[in-house]
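Asks: Sending over a structure as C-alpha cells; questions will come in a sec.
The values are calculated or read from the model by the stated rules, or taken from the named source; none is laboratory data. What you are looking at is a predicted structure, and each value in this text was computed from that prediction instead of being measured. Here Cβ is always computed from backbone atoms with ideal geometry, including for glycine, and neighbour counts include all displayed protein chains.
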Amino acid sequence: MNISEFKTQAHLLVDWMADYLENVGDNPVKPQIKPGEIKNQLPSVPPEHGESFTAIFEDFKSIIMPGITHWQHPQFFAYFPSGGSEPSILAEMLSATLATQCMIWMTSPAAEELEEQMMQWLQQAIGLPSNFTGVIQDSSSSATLVSLICARESKSNFGINKSGMSQSPVYRIYSSSHAHSSVEKGVKIAGFGSDNLVTIPTDKSFAMDASLLEKAIKKDIANNYVPLSVISTIGTTSSTAVDPIESIGKLALKYGCWHHIDASYSGTALILPEMRWMSKGVELCDSFVFNPHKWMFTNFDCSAYFVKDKTKLINTFSILPEYLKTPEDKLVNNYRDWGIPLGRRFRALKLWFVLRTYGIKGLQEKIRDHIKFAQWFKEKVETTPGFELMSPVSVNLICFRIHPLGVNDETELEVINSRLLQKLNGSGKILLTQTRLNEHYVLRFVSGQIHSKLENIITGWQLILSASQEFLSR
C-alpha cells in the first residue's frame, strides 16, 4: 500500500468509524451467533498472495462485524464499561501512526514527559497525596502483580530477585473474599502459591471486615508465617463494595504489610469531591491503581498506577544492559524500569486528549450523571413489586434480582433469574451480567457507558420489566 492509497482508505475508514459511533445503537448489543460461526468463514491457511484493502475491509464488515459485542452500545449495561470516547479514539490513531516505542526517555522524549505530567494531573484530579508518583500500566491485573513483587522484594531487601525463594519464609497475602480474581493470579505468578492467599470475610455491605483481617494476621504470625501484603478494594467487581481503607491501612502499617488499593473501576468517581469518602485513609497505602480505560472514557488499555516510594518500584524491576544505557538516565524517568514489560505503548497521548477535551468539570458532569442514573434505577427496583435490591449502591452498579411472590427456594430463584438473564441478553436489545452475593445469584446493571443517557436507562428498565412478567405472573 502506497501513501496515496493509504490516504484514500484512511478517509473511508474514518467515515465508517463516525457512522458506526453515530448508529451503534442500531446493532444488537450481543451478536446473535453460535460458537465457530466466525472461524468457519475464515480460510484454514494464510493467503499466498496479497489482497486488496477493499476486499479485506469488505470481509471485515461481512464476517467480523456480525460477531462483535458492541461495548459502546447505549444499552450495554454489562461488566464495567470500556471507555471509547471520540478524542481517545483519535489519539489512538495518532499513536498507532507514530508507532513509537516508549521504553526509555531517549526512544521518545515527548512520550516520557507527557506520561509524567498526565500522572500528575490524574493524581491531582482524584485527590491522591502529592507524595505519590504515577506510571501507566496496561491493566490493574499487571499493577496488582507489580505491587505483590514490590512487596516481596521490599520485605526481602531485594534478595529474592537475586537468590530466589528457596530460603525465604512463607509469605501471606490478604484480600477480601470479593477481591478481583487477578489477586489470586498475581499471587500464583509471583511465586507465593494460592494456598498463601488468605481471603477475609466481608460484612453485610460486602466490604472486608478489618477486625477479621487482624485476627488472620495474628494467627499467621503465631504459626510462623510472615504477613506480606494486604490488597483492599474501592469498588469490588461483584457489587462495587468499598473496603474500609483507613482501618486496613493502619493494620498494614502495624504489621509491616504492603497495602495495595485496587480502585480499578470506582476510582474514577474520586474526581468528585463528594465521593472521596471512599478513599479516606488512602495516604496510608503503598500503592494505588485505577483504570481510566473503564469509566474515564479512555480506550483500553490505560491503567493509572501510583506508588508512594518509587525507589522500591525501580529497584525491583530495573535491569540495565549496555544497549539501553543513555546519557540522560539519571535525569529522567525510564518507565521500562517501572513495571514488567520493557516495551511500552504511547498511552499517555490518549489521556492527554481526553483530559483536555472534557476537562475536570466535564468529566465530573458525566460521572455525576451516571451516578444519578443508577439512583433512578435503584429506586425503580426498590419500589416495584417482585424486584429485590441485593447490595448497597456505592457508585453506579445496581445488583438486583426478581423474587416472585411465594418463591423462596434459592435454587428455584437462581433458575428464574438465570432464565431472565438469558431472555434479556438473547433479545439483542440489552446486555447484563450476573454475580453471586452471599451465594445468591443476582443480576448486575451498570450505568456507566459513555453514550448512555437517562432515556437509555429508562428503556433498559422497561425491557427488564417487560421480560420479567413471564416469571412474576406465574
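Asks: Going residue by residue through region 289-299, is there one that turns out to be in contact with a His (Cβ under 6 Å, 6 or more places away or on another chain), at pLDDT 95 or above, not hydroxyl-bearing (Ser, Thr, Tyr) and not in a loop (DSSP other than H, G, I, E, B)? Break it down stepwise before answering.
Replies: Applying the first criterion (in contact with a His (Cβ under 6 Å, 6 or more places away or on another chain)) to region 289-299 yields none.
No, because not a single residue in region 289-299 is in contact with a His (Cβ under 6 Å, 6 or more places away or on another chain), at pLDDT 95 or above, not hydroxyl-bearing (Ser, Thr, Tyr) and not in a loop (DSSP other than H, G, I, E, B).
Asks: Looking at region 16-32, which of its residues are among the acidic types (Asp, Glu) and under 18 Å from residue 449 (Cα atoms)?
Replies: Matches in region 16-32: 22, 26.
Asks: Pairs needed: first member in region 272-286, without any contact (Cβ under 8 Å) to a residue 40 or more places away in the chain; second member anywhere, buried (at least 23 other Cβ atoms within 10 Å of the Cβ) and part of a helix (DSSP H, G or I); C-beta distance under 6 Å; at least 6 residues apart or different chains.
Replies: Qualifying pairs under 6 Å: 281/245; 281/249; 284/249.
Asks: Return the pairs, sorted by first residue and then second, in which the second residue is among the basic types (Lys, Arg), the first residue lies in region 181-204 and is without any contact (Cβ under 8 Å) to a residue 24 or more places away in the chain, the beta carbons are less than 6 Å apart, and the residues are 6+ apart or on different chains.
Replies: Final answer for the pair search is 194/188.
Asks: Yes or no: region 162-174 includes at least one residue that is surrounded by 19 or more Cβ atoms within 10 Å (Cβ to Cβ) and modelled with pLDDT under 90. Don't jump to the end; show me each part of the working.
Replies: Here is the first cut: in region 162-174, the ones surrounded by 19 or more Cβ atoms within 10 Å (Cβ to Cβ) are 171-174.
The next check asks that each one be modelled with pLDDT under 90; those that pass are none.
Checked against the condition, which is being surrounded by 19 or more Cβ atoms within 10 Å (Cβ to Cβ) and modelled with pLDDT under 90, region 162-174 yields no hits at all.
Asks: Quick test for you: out of 113, 153, pick the one residue that is acidic (Asp, Glu) and under 26 Å from residue 363 (Cβ atoms).
Replies: Answer to the check: 113.
Asks: Do the conditions hold for residue 143, that is, is it crowded, with 19+ Cβ neighbours inside 10 Å, closer than 24 Å to residue 299 by Cα, touching a residue at least 24 places away in the same chain (Cβ under 8 Å) and of a type outside the set (Phe, Trp, Tyr)?
Replies: When the stated conditions are applied, residue 143 passes them.
Asks: Something else now. Can you name the condition, by its number, that residue 261 falls short on among (1) under 23 Å from the mean Cα position of the chain (by Cα); (2) assigned to a helix (DSSP H, G or I); (3) surrounded by 21 or more Cβ atoms within 10 Å (Cβ to Cβ); (4) not aromatic (Phe, Trp, Tyr)?
Replies: Unmet condition: (2).
Asks: A further question on this structure: With the checklist (1) in contact with a strand residue (DSSP E or B) (Cβ under 6 Å, 6 or more places away or on another chain); (2) more than 21 Å from residue 224 (Cα to Cα) in hand, flag the one item residue 186 doesn't pass.
Replies: Here residue 186 clears every test but (1).
Asks: What's the total number of residues in region 379-392 that are touching a residue at least 40 places away in the same chain (Cβ under 8 Å) and within 17 Å of residue 207 (Cβ to Cβ)?
Replies: Residues meeting the conditions: 3.
Asks: Give the residues of region 372-390 that are farther than 22 Å from residue 414 by Cβ and either in a loop (DSSP other than H, G, I, E, B) or aliphatic (A, V, I, L, M) (or both), sorted by residue number.
Replies: Within region 372-390, just 374 meets the criteria.
Asks: I've got another one for you. Of the conditions (1) within 30 Å of residue 366 (Cβ to Cβ); (2) of a type in the set (A, V, I, L, M); (3) not in a helix (DSSP H, G or I), residue 230 clears all except one; give me its number.
Replies: So the condition that residue 230 fails would be (1).
Asks: From the residues in region 322-354 that are at pLDDT 85 or above, part of a loop (DSSP other than H, G, I, E, B) and among the basic types (Lys, Arg), which one is nearest to the chain's Cα centre (by Cα)?
Replies: 347
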